[in-house]
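Since every read-out is calculated from the coordinates, none of them should be taken as a lab result. What you are looking at is a predicted structure, and each value in this text was computed from that prediction instead of being measured. Here the Cβ is made from the backbone with ideal geometry for all residues, glycine too, and neighbour counts use every protein chain on show.
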Amino acid sequence: MPKRVGVLALQGDFEAHAKALERAGAEPVLVKTPEDLEKVEGLVIPGGESTTMLKIIDETGFRQPLTDFAAQKPVLGTCAGAILMAKEVSNPAQFSFGAVDLTVERNAYGRQIDSRVATLEPDEEFSKRAGKGRMEAVFIRAPVIRRTGPGVRVLAEYQGDAVLVEQGKHLVATFHPELTSDPRVHQLFLSKL
């Protein structure tokens, strides 16, 4: 029986994450109301625009339910989702759920025209658990992780900065793994459920 994994479907490319989860062997559920969180074992917070996402989260009554969910169940945050999962956010400072001990700087790689596709060399731990080989990473107005706390494991770096990290049941990527055909980030997340 496939694991039911929610994708926060308020803003951003949640459909691409749903397809990536399907390819990885999960049953995706588009989470559009706080009640939808009760139907899933884990949650993906996709990329998008973090301030817009926060506005919609507040308008739809998601702030406390998402905080409670992240305290109990695994969450994968990508790009804007990584910002929302961080303990601290800069450029400018904003609310975040504080689920992962990170300091994240928004839009640190530059404007939309500075977006890029890079090749990553994941660390041994990632390779052992998710599979060996390089990984393509799509960065779109991506945040940069400026600080990782003592309980955070860095699984991949780009230009000396952590871009894929985990802490306990949570996984955070500053890039968009859903925009490539490589299922390993989503598969690693599913292994946490």
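Observations on the structure shown:
- E121/Q72 FRET efficiency (R0 35 Å; Cβ-Cβ; nearest 0.05): 0.60
- Spread of Cα-to-Cα distances over 10 Å intervals beginning at zero, given as percent, for the range 70-187: 15, 50, 32, 4
- Dimensions of the range 127-171 based on its C-alpha atoms, expressed as ranges along the principal axes with the largest first, amount to 27, 26, 17 Å.
- Shape analysis of the range 154-193 yields a ratio of the Cα radius of gyration to the Kirkwood radius, Rg/Rh, of 0.96.
- Gyration tensor (alpha-carbon) shape descriptor, the range 1-153, a/c threshold 1.5: rounded
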